[in-house]
Structures are given as structure tokens and as C-alpha cells.
1. Can you tell me the dipole magnitude for segment 269-384 around its Cα centre, using point charges on the Cβ only (Lys, Arg +1; Asp, Glu -1), in Debye to the nearest 20?
2. When the dipole is taken about the Cα centre of the chain, and only Lys, Arg (+1) and Asp, Glu (-1) are charged at their Cβ, what size is it in debye, to the nearest 20?
3. When only the heavy atoms of the protein chains count and the probe is 1.4 Å, how do 396, 249 rank by accessible area, highest first?
4. Rolling a 1.4 angstrom probe over the protein heavy atoms, how many square angstrom per residue are accessible across the chain?
5. Show that you can apply the helix-only estimate: for the chain, add -39,500 (n - 2.57) for every DSSP H stretch of four or more residues, divide by all residues, and state [θ] at 222 nm to the nearest 500.
6. Give me the percent of the accessible area of segment 66-201 that comes from carbon and sulfur atoms, probe 1.4 Å, all protein chains in place.
7. Run the 1.4 Å probe and let me know the accessible area of residue 240, rounded to the nearest 10 Å².
8. Under 21 Å Cα to Cα from residue 347, which lysines show up? Leave out anything in the same chain fewer than 8 places away.
Amino acid sequence: MILSRLLARALPRRRRRTYVGRVTGSITARIADGVRSIAPEAWDACAGSANPFLSHAFLSILEESGSVHPRAGWQPLPIVIDGADGAPAAIAPAYAKSHSQGEYVFDHAWADAWERAGGRYYPKLQVAVPFTPVPGPRLLLRDPAQAPALIAAIETVTRAHDLSSAHATFVAPEQVPLFENAGWLVRLGTQFHWHNQGYAEFDDFLETLASRKRKAIRKERAAAIEGLAIRHLSGADLSEAAWDAFWVFYQDTGARKWGRPYLTRRFFSLLGERMADEVLLILAEREGRPIAGALNLIGADTLYGRYWGCTEEVPFLHFELCYYQAIDAAIARGLKTVEAGAQGEHKLARGYEPTPTWSAHFLPDPHFRRAVADYLAREREAVAADAEFLATMTPFRKAAAE
């Protein structure tokens with residue numbers, strides 16, 4: 001039975017608390033009826049405050065705005081272990097998925113192979129932040145001792161509902177061993193992040209680059225902003241007019257990249273209402289009219305670049321708003337890192353360095369698991385070799401280069 005139907009029938013909506021059952025020792029887990037069914041302070045006590053995408057505010061906005069919904073192929077099913085005090089001690093931000101869109105760790109080939117072999121790949125269980133390739137904890141732990149039990153609960157849900165698999169994507173490095181110790185398969189990926197070495201201003205960063213790269217970046221920046229005004233909006237400066245402009249940019253990029261934008265217009269209004277101080281919206285304007293924009297979220301030590309779009313094509317403006325302005329903002333705020341989203345080897349020339357990412361995968365069927373494990377072993381070698389090569393292509397000065 002499809003998981004969404006099973007849960008819908010389990011209890012009346014106002015009383016729905018579906019129990020996974022005993023997962024280890026005396027520990028019992030339950031499936032909550034979405035993030036919004038959990039008190040914000042209880043969720044955030046597990047999630048912490050460093051990563052804005054894991055906050056109750058962000059994840060509940062996705063639900064309330066209709067961006068995350070069973071009809072969109074994302075059914076929220078947070079898996080919760082309650083502590084002795086009755087409050088959540090551990091939470092997995094889990095979703096039943098009826099497709100593999102909006103994940104950025106691609107398993108379409110796995111789905112095709114499993115279904116050609118006679119299996120049913122969907123629905124599957126996804127432990128992730130929807131539409132967000134940002135590394136972070138996937139086991140939200142007020143009580144770190146509950147990590148093994150929470151992984152066991154994810155496995156129990158997967159087996160009990162005859163799901164093909166469970167996937168924890170963009171797992172924080174410190175949590176990867178927890179999944180490995182539980183026997184999950186680990187997949188290696190690469191992103192490109194910029195690292196702040198204590199720079200006081202952008203020119204300090206440029207001084208670490210080879211002279212040819214410095215000149216190229218200066219030319220790019222000058223060409224990109226000629227005739228334009230650049231505005232950084234956060235907190236009370238965010239307005240519905242700004243979101244209207246950015247919505248047009250977002251729709252254009254989304255339609256070209258993945259066919260249908262994932263987020264609704266209401267998502268951006270709610271983001272501005274409830275997380276304004278954690279939002280940095282960078283707009284480029286020509287004679288007071290926005291023509292391009294880049295949306296970032298601000299974490300404890302990281303600036304996270306998420307979405308970009310434009311209504312006027314300007315050479316290098318994408319690089320300016322998404323990469324150079326992000327560096328400017330990170331330096332000004334004393335942030336350690338800029339994460340500019342998934343993929344993009346063109347980020348190398350802009351001072352962003354290859355950085356490993358990890359995901360973890362639970363496949364109950366031993367034959368399917370063996371086939372995927374073999375694939376991942378070969379893929380890991382290729383990804384590691386590629387990352388090693390990319391590291392030699394960074395624009396930073398070499399000892400004898402100048």
C-alpha cells in the first residue's frame with residue numbers, strides 16, 4: 001500500500017501519531033504528521049541554530065506554502081524519538097517520495113534498474129531538506145545517544161512499508177560514520193565552496209590569486225555592474241515588491257533548468273515574514289528596475305547561495321551576483337564559507353574550491369544493495385580522481401607562479 005494512504009487511514013488528522021514501534025531496546029519511534037505538527041521550540045532544540053534550512057521555520061514554510069505536499073511528490077513524515085521528558089530527543093526530517101526530482105543526488109539509474117528487474121522503486125524514503133543541496137545534519141539530535149536508534153527507526157519504516165530504499169542526502173561529514181556503522185552505503189560527491197581566510201575586503205582575497213586570474217575577475221566585475229546598481233536586502237528591507245521581482249527571476253530559471261519551479265510564490269512571502277534576518281536578497285537594478293537577483297540564506301558561519309534569475313542578459317552578471325557579491329557579503333559579515341549550490345566547475349575560476357559531499361543509502365534487498373555497492377565503489381574512485389584534478393585547477397598563486 002502506498003505510504004500516504006496508509007498514514008491517512010491510520011488516525012483522524014487531529015490525532016494522527018503513527019507509531020513505528022520499538023526500534024531498539026525500550027526505545028519507540030513515531031511518525032509525525034509533518035513538521036508543522038511539532039512545536040517549533042521542540043524541533044529547534046534538536047536541529048540547533050547553525051543551519052537555517054533545518055529550522056522549524058524553513059521546513060514548515062515549505063509545507064505551509066504548498067511547495068512540499070504529497071501532490072508534489074514530497075509527503076512530510078518526520079520520524080521522531082521522544083525523550084523521557086516527553087519532548088523530541090531525535091528527529092529525522094523524512095519524506096515519502098514518488099519521484100527523484102529536487103534532490104541533487106541522482107538515483108534515476110537505480111530506479112530504472114530496479115523497475116526493469118520487476119521491483120517498484122517509488123515511493124522511497126528521503127531524509128533531506130527538499131530542493132536544497134546544502135550539507136547538514138540529517139539526524140537532528142537533542143540527545144546524541146539516540147543516533148543509532150533513529151537510524152534503526154528509518155530502517156524500520158522502510159521495511160515495514162515495503163519501500164525500496166531510504167536515502168539521507170547531503171549528510172554533514174561528522175554524521176557519515178553513524179550511517180556507515182549502521183551498514184548504509186555511502187556515496188561521494190563534489191561541490192564548490194569558497195573559504196574565508198580572514199580577509200578584510202575583497203581585494204585581500206584577490207591578492208591570493210595568480211595575477212592573470214586577478215585581472216580577469218576585476219574585468220568581469222567591472223563589465224557586470226556597468227550601468228547597474230547592486231542592492232543587498234535583508235531584514236526589514238525585504239518587501240513584497242522585491243519578492244515579486246525575484247519570483248519572475250526564479251520562474252524563468254526554474255522553467256529553463258528543471259521544467260517546473262519547485263517553490264510557490266507564497267514561499268517567498270513567508271520566508272520574508274518569518275526568516276527575514278536570515279535572508280540576503282541581492283538585486284541588480286537598471287534605472288531603479290530590478291533585472292536580476294540572487295537569493296542567499298545566512299547561517300551561523302556560512303552564506304548559502306540558493307537561487308538566481310534575470311530578465312535581461314548581461315555578461316558576467318550571474319558570476320557577480322552569485323559568487324563575487326556573496327564573497328563580499330561573507331567578508332563583511334565575518335562568515336567562514338560561501339556555499340554556492342550544487343555542481344558548477346565554472347566556480348573554480350572564481351576562487352571556489354572542490355569540497356566533498358556525502359549521502360547515505362539503505363537498500364533492504366540484498367541483491368539490489370550488492371549491485372549499488374559495486375556501482376558506488378567504482379563511482380567513488382572516479383569522483384575522488386576528478387576532485388584531485390580539479391584541486392590543481394584553482395586560481396590561487398603557486399609558489400613559483402609569479
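1. Dipole about the Cα centre, nearest 20: 300 debye.
2. Dipole of the chain, to the nearest 20 debye: 1200 debye.
3. Listed by decreasing accessible area, they come as 396, 249.
4. Normalised by residue count, the accessible surface of the chain is 44 Å².
5. -10500 deg cm²/dmol
6. Of all accessible area on segment 66-201, carbon and sulfur atoms account for 52 percent.
7. Answer for residue 240: close to 90 Å² accessible.
8. Within the straight-line limit of under 21 Å, residue 347 reaches these lysines: 213, 215, 219, 257, 336, 398.
The values are calculated or read from the model by the stated rules, or taken from the named source; none is laboratory data. Computed from a predicted model, the values in this text were never measured in an experiment. We place every Cβ from the backbone using ideal geometry, glycine too, and count neighbours over all the protein chains shown. The accessibility values were calculated without ligands, DNA or RNA, using every heavy atom of the protein model including side chains. Shrake-Rupley method; radii C 1.70, N 1.55, O 1.52, S 1.80 Å.
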